[in-house]
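A short worksheet on the structure shown next.
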2 protein chains.
Amino acid sequence: MNIGQAAKASGVSAKMIRYYESIGLIPAAGRTASGYRVYGQTEVQILRFIRRARDLGFSVEKIEELLALWRDRSRHSADVKHIATTQIAELQDRIAGMQAMVDTLRHLADACCGDDRPDCPILADLEQGTGVTKH
Amino acid sequence: MNIGQAAKASGVSAKMIRYYESIGLIPAAGRTASGYRVYGQTEVQILRFIRRARDLGFSVEKIEELLALWRDRSRHSADVKHIATTQIAELQDRIAGMQAMVDTLRHLADACCGDDRPDCPILADLEQGTGVTKH
DNA sequence: GATAGGCCTTCCCATCATGGGAAGGTCAAG
DNA sequence: CTTGACCTTCCCATGATGGGAAGGCCTATC
């Protein structure tokens, strides 16, 4: 299988497959005599694993750990769970930060009449930069 | 006022002030004879505006629009409100995406006993890459 | 007036994961 | 043998930010 076919089969772009190889996330693929990378089902499965982990928001660094645990048949599921719960916590932190932005923006937008007059509490808030949101 | 003082007064780092100038988000600051950038209250206020907008998650591109509206005394508040509501929608999209990740991860983590045995539904999910989450 | 150290300047590099594109080689079908 | 679709490597760009080097400036202290 060439890289393009592996890309289609795994959902990881050819560009990213080469990138993952270059940073050592995946082992260097085999090559044909003319230098084309060759992939089999095993490699595609690894790529799908990576793809799925990316979809769950894991960084490449975390994926490296997950792959190591995946390969380690004597792993402790506690280690995997720990990575997952850490990831959950990080995501929730970011969600909370963004939700706070949404709340503030919603508050300001609700206070803005949104017509052709120039008066705008949104700009007023940005202008004074106090961040007062008075929920 | 030198750039360091403007940085402290505005909450925007000196690095970022220079960057914002380089990309044209703010006009080039005045200079002393020896080349130091000089800032006054007006500039600090603009920087605070930018800082606050960044805190609300606006991209530099959006901030450019907001600054233009801010400077335009004949603006329509509807235009400002539109930018804000678009921003709210974008944030909510991203929140929804991350929340979906959290939900999936929570589901998987809950199913993982998290002890010293190797069996782990989290890895199993990544392995098959189906993304089946069965809520 | 000299010296120290704290500020300023520009310039380059790094992040993180991803894509774009150029220049050139390979392969398969017609 | 040509054509077009693929592959290779290499370089550049993203967005917003920080780090750091090399060198100049300013102020306070001696």
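The values are calculated or read from the model by the stated rules, or taken from the named source; none is laboratory data. What you see is a predicted model; the values in this text were computed from it and never measured. Quick reminder, even Gly has a Cβ in these numbers, built from the backbone with ideal geometry, and neighbours come from all protein chains shown. The protein model used for the area step is the full one, side chains on, heavy atoms only, and it has no ligands, DNA or RNA in it. Shrake-Rupley method; radii C 1.70, N 1.55, O 1.52, S 1.80 Å.
Do we find a residue being under 25 Å from the mean Cα position of the chain (by Cα) and within 7 Å of chain B (Cβ to nearest Cβ) anywhere in the stretch A:60-69? Give the steps one after another, and end with the answer.
Step one: of the stretch A:60-69, the residues under 25 Å from the mean Cα position of the chain (by Cα) are A:60-69.
Now restrict to residues that are within 7 Å of chain B (Cβ to nearest Cβ): A:66, A:69.
Yes, that holds for at least one residue.
Residue check, B:T32 against (1) hydroxyl-bearing (S, T, Y); (2) loosely packed, with under 15 Cβ neighbours inside 10 Å; (3) touching a residue at least 24 places away in the same chain (Cβ under 8 Å), all met but one. Which one?
Here B:T32 clears every test but (3).
Take B:V80 and tell me if it is within 18 Å of A:Q128 (Cα to Cα), in contact (Cβ under 8 Å) with a residue 40 or more places away in the chain and more than 10 Å from DNA strand D (Cβ to nearest atom).
On the way: within 18 Å of A:Q128 (Cα to Cα): yes; in contact (Cβ under 8 Å) with a residue 40 or more places away in the chain: no; more than 10 Å from DNA strand D (Cβ to nearest atom): yes.
Judged against the criteria, B:V80 is not a match.
Picking from A:L56, A:L47, which residue would you name as being aliphatic (A, V, I, L, M), in contact (Cβ under 8 Å) with a residue 24 or more places away in the chain, more than 7 Å from every other protein chain (Cβ to nearest Cβ) and open to solvent by less than 60 Å² (accessible area, probe 1.4 Å)? Steps first, please.
Working: A:L56 fails: more than 7 Å from every other protein chain (Cβ to nearest Cβ).
Only one candidate passes the filter, namely A:L47.
I need the full set of residues from the stretch A:14-28 which are within 10 Å of DNA strand D (Cβ to nearest atom) and open to solvent by less than 70 Å² (accessible area, probe 1.4 Å), in order please. Show your work before the answer.
Taking the stretch A:14-28 as the starting set, the residues that turn out to be within 10 Å of DNA strand D (Cβ to nearest atom) are A:14-15, A:17-19, A:21-22, A:28.
If the condition is that a residue be within 10 Å of DNA strand D (Cβ to nearest atom) and open to solvent by less than 70 Å² (accessible area, probe 1.4 Å), then A:A14, A:I17, A:E21 are the ones that fit.
Between a residue in the stretch B:102-115 that is closer than 13 Å to A:F58 by Cβ and any residue that is assigned to a helix (DSSP H, G or I) and open to solvent by 70 Å² or more (accessible area, probe 1.4 Å), which pairs come within a Cβ distance under 7 Å, given they are 6 or more apart or on different chains?
B:V102/A:Q92
Need the failing condition index for A:P121 against (1) under 20 Å from B:R54 (Cα atoms); (2) open to solvent by 30 Å² or more (accessible area, probe 1.4 Å); (3) within 7 Å of another protein chain (Cβ to nearest Cβ), just the number.
Single failed check for A:P121: (3).
Can you tell me which residue among A:R48, A:R31 is within 13 Å of DNA strand D (Cβ to nearest atom) and modelled with pLDDT of 95 or more? Before the answer, list the steps.
Values: A:R48 fails: within 13 Å of DNA strand D (Cβ to nearest atom).
Being within 13 Å of DNA strand D (Cβ to nearest atom) and modelled with pLDDT of 95 or more holds for just one of A:R48, A:R31, which is A:R31.
Which of the numbered conditions does A:Y19 fail, given that it passes all the others? Conditions: (1) within 12 Å of DNA strand C (Cβ to nearest atom); (2) closer than 25 Å to B:A96 by Cβ; (3) of a type in the set (F, W, Y).
(2)
Among the residues of the stretch A:3-10, are any within 13 Å of chain B (Cβ to nearest Cβ) and more than 16 Å from DNA strand C (Cβ to nearest atom)? Walk me through how you get there before you give the answer.
From the stretch A:3-10, those within 13 Å of chain B (Cβ to nearest Cβ) are A:9-10; that's our starting set.
After this cut, where a residue has to be more than 16 Å from DNA strand C (Cβ to nearest atom) as well, the list is none.
Looking for residues that are within 13 Å of chain B (Cβ to nearest Cβ) and more than 16 Å from DNA strand C (Cβ to nearest atom), one finds none in the stretch A:3-10, hence no.
Of all residues in the stretch A:70-87, which are surrounded by fewer than 20 Cβ atoms within 10 Å (Cβ to Cβ) and facing chain B (nearest Cβ under 7 Å)?
Residues satisfying the conditions are A:R73, A:S74, A:R75, A:H76, A:A78, A:T85.
Restricting attention to the stretch B:88-100, which residues are closer than 30 Å to A:K81 by Cα and more than 7 Å from every other protein chain (Cβ to nearest Cβ)? Quick ask: steps written out before the conclusion?
Looking only at the stretch B:88-100, we keep the residues that are closer than 30 Å to A:K81 by Cα, and these are B:91-100.
Residues satisfying the conditions are B:D93, B:A96, B:G97, B:A100.
Which ones in the stretch B:101-110 are surrounded by 15 or more Cβ atoms within 10 Å (Cβ to Cβ) and either more than 7 Å from chain A (Cβ to nearest Cβ) or within 29 Å of the chain's Cα centre (by Cα) (or both)? Let's see the steps before the verdict.
Taking the stretch B:101-110 and keeping what is surrounded by 15 or more Cβ atoms within 10 Å (Cβ to Cβ), we get B:101-102, B:104-109.
Answer for the stretch B:101-110, where residues must be surrounded by 15 or more Cβ atoms within 10 Å (Cβ to Cβ) and either more than 7 Å from chain A (Cβ to nearest Cβ) or within 29 Å of the chain's Cα centre (by Cα) (or both): B:M101, B:V102, B:T104, B:L105, B:R106, B:H107.
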